[in-house]
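**Student:** Starting off with a structure, shown below.
Each value in this text was obtained by applying a stated rule to the coordinates, not by laboratory testing. Here the structure is a predicted model, which means the values were calculated and not measured. Backbone-built Cβ (ideal geometry, glycine too); neighbour counts: all protein chains shown.
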Ligand SMILES: [Zn+2]
């Protein structure tokens, strides 16, 4: 076992870490090496990227919704003032 050989457990941890922050060059090599030989971890990487994308989109949409709501409230406030 060379230093580039890692277990599935370690590969999984690196995939999760990759979504949050940058990996060191050694970790990137370890992960890349593992993914070329392990189809299970490749599947996990795809799922993990998919989940984090969905989560980001969700957070973004929540944020946008919040902005829209604020504008709506502002509009109604202005309309009320104009009406009275
Ligand atoms: Zn694996």
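**Student:** For residues that are surrounded by 12 or more Cβ atoms within 10 Å (Cβ to Cβ) and not in a helix (DSSP H, G or I), scanning just the range 12-50, find the one that is farthest from the chain's Cα centre (by Cα).
**Tutor:** Out of the qualifying residues, it is 38.
**Student:** Scan the range 51-59 and give yes if some residue there is away from the ligand (no atom under 15 Å from the Cβ), assigned to a helix (DSSP H, G or I), closer than 14 Å to residue 17 by Cβ and without any contact (Cβ under 8 Å) to a residue 60 or more places away in the chain, otherwise no.
**Tutor:** Checked against the condition, which is being away from the ligand (no atom under 15 Å from the Cβ), assigned to a helix (DSSP H, G or I), closer than 14 Å to residue 17 by Cβ and without any contact (Cβ under 8 Å) to a residue 60 or more places away in the chain, the range 51-59 yields at least one hit.
**Student:** Which condition breaks for residue 9 when tested against (1) assigned to a helix (DSSP H, G or I); (2) surrounded by fewer than 10 Cβ atoms within 10 Å (Cβ to Cβ); (3) more than 22 Å from the chain's Cα centre (by Cα)?
**Tutor:** Condition (3) is where residue 9 drops out.
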